[in-house]
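A quick write-up on the structure given underneath.
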Amino acid sequence: MALMALALPAGAQTACRAASEPLTRPLVELYTSEGCDSCPPADRWLAAHFASPTAAARGIALAFHVDYWDRLGWTDRFGSARNTERQHQAMRASGATFVYTPQVLVQGRDVPAWAERGVAAVEAAARTPARAKLSLAVTTPGQGSVDVQASAEIGDAALHGDSVLFVAYVDSGLSSDVRAGENRGVHLRHERVVRDLQRIGVPNARGMITGHARFTRPLEAGVAPTLVAFVQRASNGDVLQTLELRDCW
């Protein structure tokens, strides 16, 4: 992870900053739910391969909890309609006709056999040159929130038209004792849970994206708060590059 200087808002104090590498850091998305009895193995798979800074796999993981399993009687408090809509957007971008859980996407592509092939897909993507440069800078204006400046540079003009920069606030070490639904009586642990996802912007004529986001620490906060920036094409879900910044506030 390289370091670089960024222009911050007047009066802000920089807590930490990071810039992306020349090679791709693949984005791994898990769509999961506490109401789905086939999801815990996928949750454990993500935790085993991507949760710690020393994990062997180079992927950067995001766990999106969806809300459509809530109808079975257990409300996943980490789930949201926004996460469900993001999964539907990925479905439309890929040309699929339905969503399911657990679902693993690597670089925006569905990996149905994630247990056997997911890590290999990540490692293959990690050997390719990145198609965008990313940077993040963090300030801490208050005890309960964090300000982020994010930027991206996309060199290939052909990718400018539908590329979007996002930043997610992620934390780990969360758990639930499920009392209804398919996982009734099961204690579940969750890592890399997306608590908020914000759209920063789209490229200008020179392929640059810059913007700010403010994230509020959740009332039920986990551990290892992490910011994840990624550039993704809206048309097909293709991810150009990903960057994370851990444990800096």
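Does Gly211 satisfy being of a type outside the set (Lys, Arg) and under 27 Å from Ala224 (Cβ atoms)?
For Gly211, the condition - of a type outside the set (Lys, Arg) and under 27 Å from Ala224 (Cβ atoms) - is met.
Can you find a residue that is on the phi < 0 side of the Ramachandran plot, under 13 Å from the mean Cα position of the chain (by Cα), buried (at least 16 other Cβ atoms within 10 Å of the Cβ) and part of a strand (DSSP E or B) anywhere in region 200-223?
Looking for residues that are on the phi < 0 side of the Ramachandran plot, under 13 Å from the mean Cα position of the chain (by Cα), buried (at least 16 other Cβ atoms within 10 Å of the Cβ) and part of a strand (DSSP E or B), one finds none in region 200-223, hence no.
From Val146, Val167, which residue is modelled with pLDDT of 95 or more, under 30 Å from Ala205 (Cα atoms) and part of a strand (DSSP E or B)?
Of the residues listed, the single one that is modelled with pLDDT of 95 or more, under 30 Å from Ala205 (Cα atoms) and part of a strand (DSSP E or B) is Val167.
Check region 162-169 and report whether any residue there is free of Cβ contacts under 8 Å to residues at least 60 places away in the same chain and closer than 21 Å to Ala90 by Cα.
Scanning region 162-169, I find at least one residue that is free of Cβ contacts under 8 Å to residues at least 60 places away in the same chain and closer than 21 Å to Ala90 by Cα, so the answer is yes.
If I filter region 53-71 down to residues being assigned to a loop (DSSP other than H, G, I, E, B) and of a type outside the set (D, E, K, R), which single residue comes out as farthest from His88 (Cα to Cα)?
Thr54
Just give me the residues in region 100-125 being assigned to a loop (DSSP other than H, G, I, E, B) and either surrounded by fewer than 16 Cβ atoms within 10 Å (Cβ to Cβ) or aromatic (Phe, Trp, Tyr) (or both), in sequence order.
Tyr100, Pro112, Ala113
Determine which single condition Arg77 fails, assuming it passes every other condition in (1) surrounded by fewer than 19 Cβ atoms within 10 Å (Cβ to Cβ); (2) basic (Lys, Arg); (3) outside any loop (DSSP other than H, G, I, E, B).
(3)
The values are calculated or read from the model by the stated rules, or taken from the named source; none is laboratory data. As the structure is a prediction and not an experimental result, all values here were calculated from the model. Virtual Cβ from ideal backbone geometry, glycine too; neighbours counted across all protein chains shown.
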